[in-house]
Amino acid sequence: MDHTYSQFDTDLHRLRSGSTAMAYLVERQFLRAVDAVLTEDPGRIAQVLVDETEVDRMHIQTDLLCNQMIAKLQPIAVDLREILAALHMNNDLERIGDEAKKIALKARHLGTRPLPIATDRIARMAAISCEMLRLAVDAYIRQDSRVAVTLIERDREVDALRNELTDELTVVMGASPAVVSPALALIFVVQSIERVGDHATNISEYVVTVVEGTDTRHSRTSPAVG
């Protein structure tokens, strides 16, 4: 949309660029955290924790810009919706960074000990959640509200894997007390991966709010549990 005030155009470009850059950073952080669990690479853990500092800085910077734009430029209609959506998206991205940090810390706890179950489904679950994040960010860039429906379907896949893995790990803990600690750590990892999918779905629904002017967050036919 064209704007009368060049300052608004400039700030809106900064906002979109900042949100996109933060999204790419938390995606990298998430992938590194999961990789730390799957490959037992301590170097990945350190990288995730370093990235966390930058994610926090970008979160504060974007939040400040959104509030300044609202206070100084008093946007209305679709412009206001986009700024508010960016605020919500900013919070979801920061929480994805938090989940990545939690996964990395669980990887540190697991160390090099043998894992109680095969990790192929954990890797698949993480791949789906990462794809969801990429689709959501792409929808934000292109302002494509249609992606939200796809992400709700993918979110159901992630939820099903979460339930399957949690149930299996619970059985494993009951059968062998010696693996309770690593199995419990993996349950927390699985829950964090599932929450990343939830946050990606949230982002796609903010795009719907901007483009169509409707809030779909509480109208999912099968709400996610996270």
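Exactly one residue out of 49, 105 is part of a helix (DSSP H, G or I), modelled with pLDDT under 95 and farther than 18 Å from residue 203 by Cα: that is 49. Of the residues in region 96-113, at least one is within 30 Å of residue 184 (Cβ to Cβ), surrounded by 21 or more Cβ atoms within 10 Å (Cβ to Cβ) and either aromatic (Phe, Trp, Tyr) or more than 18 Å from the chain's Cα centre (by Cα) (or both). For region 125-153, the candidate set comprises residues that are within 14 Å of the chain's Cα centre (by Cα) and farther than 15 Å from residue 206 by Cβ; within that set, the residue that is surrounded by the most Cβ atoms within 10 Å (Cβ to Cβ) is 129.
Within region 176-193, being under 15 Å from residue 104 (Cα atoms) and out of contact with any Pro (no Cβ under 9 Å at 6 or more places or on another chain) holds for 184, 185, 187, 188, 189, 190, 191, 192, 193. Within region 101-141, the set of residues being more than 24 Å from residue 43 (Cβ to Cβ) and among the hydroxyl-bearing types (Ser, Thr, Tyr) comprises just one member, 140.
Only residues that are closer than 17 Å to residue 124 by Cα and among the β-branched types (Val, Ile, Thr) were counted across region 153-179, and they come to 2.
So is residue 37 aliphatic (A, V, I, L, M), surrounded by fewer than 17 Cβ atoms within 10 Å (Cβ to Cβ) and in a helix (DSSP H, G or I) or not? For residue 37, the condition - aliphatic (A, V, I, L, M), surrounded by fewer than 17 Cβ atoms within 10 Å (Cβ to Cβ) and in a helix (DSSP H, G or I) - is not met. If you take the residues of region 116-165 that are closer than 22 Å to residue 31 by Cβ and among the polar types (S, T, N, Q), which of them is modelled with the highest pLDDT? Among them, the one singled out is 129. Taken over region 17-36, residues that are out of contact with any Asp or Glu (no Cβ under 9 Å at 6 or more places or on another chain) and either closer than 17 Å to residue 199 by Cβ or without any contact (Cβ under 8 Å) to a residue 60 or more places away in the chain (or both) amount to 10. Of all residues in region 72-93, those that are under 21 Å from residue 56 (Cα atoms) have Cβ atoms under 7 Å from Cβ atoms of residues that are small (Gly, Ala, Ser), 6 or more apart or on another chain, in 86/19; 89/19; 90/19; 93/23.
In region 37-65, the residues that are touching a residue at least 24 places away in the same chain (Cβ under 8 Å) and farther than 23 Å from residue 16 by Cβ reach residues that are among the acidic types (Asp, Glu) and in a helix (DSSP H, G or I) with C-beta atoms within less than 6 angstrom, at least six apart or across chains, in these pairs: 44/35.
Could we say that residue 77 is surrounded by fewer than 19 Cβ atoms within 10 Å (Cβ to Cβ), under 30 Å from residue 116 (Cα atoms) and not aromatic (Phe, Trp, Tyr) here? No; evaluated as a whole, the condition is false for this residue.
When residue 186 is tested against the conditions (1) more than 18 Å from residue 87 (Cα to Cα); (2) at pLDDT below 95; (3) aliphatic (A, V, I, L, M), the lone failure is (2).
Scanning region 108-141 for residues that are in contact (Cβ under 8 Å) with a residue 24 or more places away in the chain, farther than 24 Å from residue 18 by Cβ, assigned to a helix (DSSP H, G or I) and out of contact with any Ser or Thr (no Cβ under 9 Å at 6 or more places or on another chain) yields a total of 8.
The values are calculated or read from the model by the stated rules, or taken from the named source; none is laboratory data. Quick caveat, the model's predicted, so the values are computed rather than measured. Methodologically, a virtual Cβ is constructed for each residue, glycine included, from the backbone with ideal geometry; neighbour enumeration extends over all protein chains shown.
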